[in-house]
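Reviewing the structure listed below.
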Amino acid sequence: MENFTSRIKGFHNLSFEEKLQKIKELRGLSEEDIETLKATNPPYELFDRMIENNIGIMQIPIGLATNFIVDGKEVLIPMAVEESSVVAAASNLARMTREHGGFMTSNTGSIMIGQIQVLDLDTPYFAAQKIHMEKEKILKLANDQDPILVKFGGGAVDIETRIIDSAVGDMLIVHLVVNALDAMGANAVNTMAEAVAPLIEEITGGKVRLRILSNLADKRVVRASAVFDKELLGGDDVVWGMIEAWAFAEADPYRAATHNKGIMNAISAITVATANDWRAIEAGAHSYAARHGYYGSLTKYEIDDDGNLVGTIELPLALGIIGGASRIHPTAQVNLKIMGIEKAQELAAIVASVGLAQNAAALRALASEGIQKGHMKLHARNVAAQAGAKGDEVDKVAARMIEEGKVRMDRAIEVLEEIRKS
């Protein structure tokens with residue numbers, strides 16, 4: 001199943017059934033997998049176990065991003081998102097990296113941090129030293145809480161201490177450093193932090209209040225890079241325009257917020273598609289963007305000797321493929337199968353790569369035709385449907401609005417009436 005290409009010409013022109021048949025053939029999906037993707041009647045019993053007071057489900061379409069090569073491997077990438085142009089934009093920019101080898105990634109492992117807040121200390125620095133002296137005892141107690149994680153090579157591996165000045169005075173913060181392996185790690189880390197809290201009180205003589213995971217997973221950082229072909233982008237002027245657009249985001253937090261939001265359009269879409277905690281990923285990414293005391297871009301861009309655009313992205317990605325909703329949600333399992341994921345770090349590599357592609361797509365649009373032109377082509381179909389268009393009426397109404405440059409609800413209604421009268 002690995003001998004395939006993610007370069008599927010005309011995929012967007014296939015019917016829904018044809019798309020499913022194509023992905024079934026390419027990724028070796030079963031008939032049950034296909035039925036899961038087609039399901040319109042969700043298993044309500046499953047969602048009753050996932051949340052309380054379940055009354056239904058909010059469905060989000062899943063699009064397939066094509067053209068991606070990540071670390072030398074062709075990948076097809078399911079993205080759950082309602083916003084027009086996200087999947088198309090990422091796929092288009094991925095195409096522009098293919099002759100340069102696609103996306104290359106690296107990571108710092110699957111390390112998570114559990115924070116234990118220690119208060120009411122007269123000598124916080126001395127208390128921190130005592131924590132380090134009892135490090136092995138603390139780590140053993142933490143690892144006793146999850147022998148399965150330890151068995152597979154994970155678990156608590158280190159202790160860090162910080163003294164911070166707060167509105168209620170100095171406090172000692174103990175970081176329990178945990179290798180979560182292929183899990184996101186929240187449950188394991190929180191359980192460990194709560195278990196060692198009484199021991200830390202005993203060692204320090206202080207009072208422990210909070211014991212909880214940090215979503216600023218700066219020990220679980222993923223980096224991705226790619227060379228975007230100059231000619232495919234549109235030439236030297238477009239490349240330089242993209243550099244100028246990125247520099248704006250790097251220098252100004254007002255622009256950086258929207259710049260990074262575009263990155264998260266793609267990242268959150270895959271996170272949702274795999275039933276990971278997209279809120280944690282969003283929080284970690286934005287806090288990482290502000291780690292130097294100012295809020296800046298998660299990406300960097302340069303121009304190589306051949307005039308091509310070279311992009312890099314760096315951010316924390318606490319993603320898991322075992323445990324939690326990822327393990328029990330049938331659609332998430334099918335989506336992981338489509339991507340060929342066997343390790344959490346493989347998923348993180350793909351997510352970072354798509355985030356970079358999405359960002360490059362936005363910069364290219366801003367530096368050339370403007371962000372609205374491509375977006376509105378896809379948005380026009382949504383407006384047409386909202387106006388009541390059915391079947392081939394949708395494309396006809398959308399085409400007329402795009403031609404006129406008037407993608408609005410009132411115009412969609414007028415055009416629909418004209419088409420029906422004729």
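For the stretch 1-155, the relative contact order is 17 percent, taking Cα pairs closer than 8 Å that sit 6 or more residues apart in sequence and dividing their mean separation by the residue count. Among 116, 243, 163, the largest mean-square fluctuation in a Gaussian network model of the chain (Cα springs under 10 Å) belongs to 163.
Beyond 21 Å between alpha-carbons counts as too far, so tell me which of 73/337; 130/207; 9/73; 261/337; 73/300 fall in that bin.
Exceeds cut-off: 261/337; 73/300.
For the residues 303, 111, 77, a GNM of the chain with alpha-carbon springs under 10 Å puts the largest fluctuation on 303. The alpha-carbon of residue 421 sits under 16 angstrom from the alpha-carbons of these aspartates and glutamates, leaving out residues fewer than 8 places away in its chain: 392, 393. Relative to the Cα centre, the charge distribution of the chain, modelled as +1 at Lys and Arg Cβ and -1 at Asp and Glu Cβ, gives a dipole magnitude of about 440 debye. Summed over qualifying helices (DSSP H, 4 residues or more, each -39500 (n - 2.57)) and divided by its residue number, the chain shows a 222 nm mean residue ellipticity of -15500 deg cm²/dmol. Of all the options 404, 134, 35, the one that moves most in a Gaussian network model of the chain with Cα springs shorter than 10 angstrom is 404.
Evaluate the charge dipole of the stretch 126-176 about its Cα centre and quote only its size in Debye, nearest 20, assuming +1 on the Cβ of each Lys and Arg and -1 on the Cβ of each Asp and Glu. With only Lys, Arg, Asp and Glu charged at Cβ, the dipole is about 160 debye.
Per residue, the average separation of C-alpha pairs within less than 8 Å and at least 6 apart gives the stretch 373-421 a relative contact order of 41 percent. With contacts taken as Cα pairs under 8 Å and at least 6 residues apart, the stretch 155-252 reaches a relative contact order of 15 percent.
Roughly how many debye, to the nearest 20, is the charge dipole of the stretch 130-272 about its Cα centre, given +1 on each Lys and Arg Cβ, -1 on each Asp and Glu Cβ, and no other charges? Each step should come with its number before you reach the end.
Numbers: 15 positive and 20 negative charges, 112 e Å.
Taking the Cα centre of the stretch 130-272 as origin, the dipole is about 540 debye.
Shape verdict for the chain, please, from the Cα gyration tensor: rounded (a/c under 1.5), prolate (a/b greater than b/c) or oblate. Cα axes put the chain in the prolate bin. Restricting the calculation to Cα atoms, the stretch 111-213 shows an Rg/Rh of 0.98 when the hydrodynamic-style radius is the Kirkwood one.
Values quoted throughout were computed directly from the atomic coordinates according to the rules given, and no laboratory measurement underlies them. Keep in mind that this is a model prediction, so the values were computed, not measured. Positions of Cβ are generated from backbone atoms using ideal geometry, with glycine treated the same way; all protein chains shown enter the neighbour counts.
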